[in-house]
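Input: a single structure, listed below in structure tokens.
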Amino acid sequence: MDHSAAFLKIVEDTKPKVRECSIAEAKERMAGNPGVRLVDIREDREWALGHITGAEHIGKGVIERDIEGKIPDKQTEIILYCGGGYRSVLSADALQRMGYVNVCSMDGGWREWASAGYPVDL
């Protein structure tokens with residue numbers, strides 16, 4: 001997907017503020033800690049086409065509104081992903097500003113996870 005220069009600038013400006021993890025690190029974290037919450041922030045239509053096994057869906061458009069009801073403990077480890085790792089950076093920053101202290105944006109997102117042959121639900 002082609003992204004506009006302005007969008008990419010916002011993402012690049014935000015990246016230093018958030019922790020990113022690779023798909024391999026995310027998979028390892030989930031295997032080692034059953035309390036990790038994997039959150040797909042893509043649009044509803046993207047989620048319906050397929051998502052990472054074990055993920056829950058809270059779209060980027062509503063995550064700030066809904067996160068405290070779904071994950072009230074701000075110490076919970078949360079791994080966010082989107083299609084390629086751009087929107088999840090922006091959402092990770094928003095959650096951190098809301099007081100969540102253990103948030104990671106999965107670099108590479110859904111596309112890299114699925115390409116690696118990791119578990120998905122279609």
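Couple of notes before you dig in:
- Looking at segment 19-80, none of the trypsin sites (Lys or Arg not before Pro) sits in a DSSP loop with at most 10 other Cβ atoms within 10 Å of its own Cβ.
- Spatial offset of segment 1-80 relative to segment 83-122 amounts to 3 Å, using the alpha carbon center of each.
- Using a probe radius of 1.4 angstrom, the carbon and sulfur fraction of the accessible surface of the chain is 50%.
- Close amide-amide hydrogen proximity is noted between residue 108 and 85, each under 5 Å apart and 5 or more residues distant or on a separate chain (H modeled in the peptide plane; Pro and chain starts excluded).
- Cα shape, segment 6-122, gyration tensor, a/c 1.5 rule: rounded
- Prolate/oblate/rounded call for segment 1-75, Cα gyration tensor, a/c under 1.5 rounded: rounded
- Accessible area per residue in Å² at 1.4 Å probe, computed on the chain: 53 Å²
- Only the Cβ atoms of Lys and Arg (+1) and of Asp and Glu (-1) were treated as charged; on that basis the dipole of the chain about its Cα centre amounts to roughly 180 debye.
- Gyration tensor (alpha-carbon) shape descriptor, segment 61-122, a/c threshold 1.5: prolate
The values are calculated or read from the model by the stated rules, or taken from the named source; none is laboratory data. From a predicted model like this one, the values you see are computed outputs, not experimental measurements. For neighbour counting, all protein chains shown are included, and Cβ atoms are generated from backbone atoms with ideal geometry for every residue, glycine included. Side chains are part of the model used for accessible areas, which takes the heavy atoms of the whole protein and leaves out ligands, DNA and RNA. Shrake-Rupley method; radii C 1.70, N 1.55, O 1.52, S 1.80 Å.
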